[in-house]
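Novice: Just passing along the structure, written as structure tokens.
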Amino acid sequence: MTYDLPIITTPVFGIVEQVKPNINGLFYTPDNSEELANVLTSLLIDEALRHRLAGNSKYVLESLNTFAEMTETYGQIFREAYFSLDKLAQRDYGTDVRIN
């Protein structure tokens, strides 16, 4: 996306959060070489599609969290989970019990 290129990938893991089908990339089913060949061929013969997907990549990239923002968000989630467990333990087992 950084290089304003169309993306061809499989819709697995966090990819679907970053690649939008027919907006900045195309998907194919994992282990389906025929489908991959079709997607590659479509980009090779359809210049307008290639340019549209490539041009949209920078906009999709700009809409995503940075790595620092993502790690901060995960850190906040983990802190909230930890303190929630600590409060739950105190409630259920008394104030002297702490989860370590």
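The values are calculated or read from the model by the stated rules, or taken from the named source; none is laboratory data. Quick caveat, the model's predicted, so the values are computed rather than measured. Glycine gets a Cβ as well: all are built from the backbone with ideal geometry, and neighbour counts include every protein chain shown.
Novice: I'd like to verify a number: residues in region 30-85 that are under 15 Å from I8 (Cα atoms) and among the hydroxyl-bearing types (S, T, Y), how many?
Specialist: Final tally of qualifying residues: 4.
Novice: Just one of the numbered conditions (1) part of a helix (DSSP H, G or I); (2) surrounded by 10 or more Cβ atoms within 10 Å (Cβ to Cβ); (3) at pLDDT 90 or above is not true of V60; which one?
Specialist: Going through (1) part of a helix (DSSP H, G or I); (2) surrounded by 10 or more Cβ atoms within 10 Å (Cβ to Cβ); (3) at pLDDT 90 or above one by one, V60 breaks only (3).
Novice: For region 1-37, enumerate the residues that are more than 14 Å from the chain's Cα centre (by Cα) and in a helix (DSSP H, G or I).
Specialist: If the condition is that a residue be more than 14 Å from the chain's Cα centre (by Cα) and in a helix (DSSP H, G or I), then S33, E34, E35, L36, A37 are the ones that fit.
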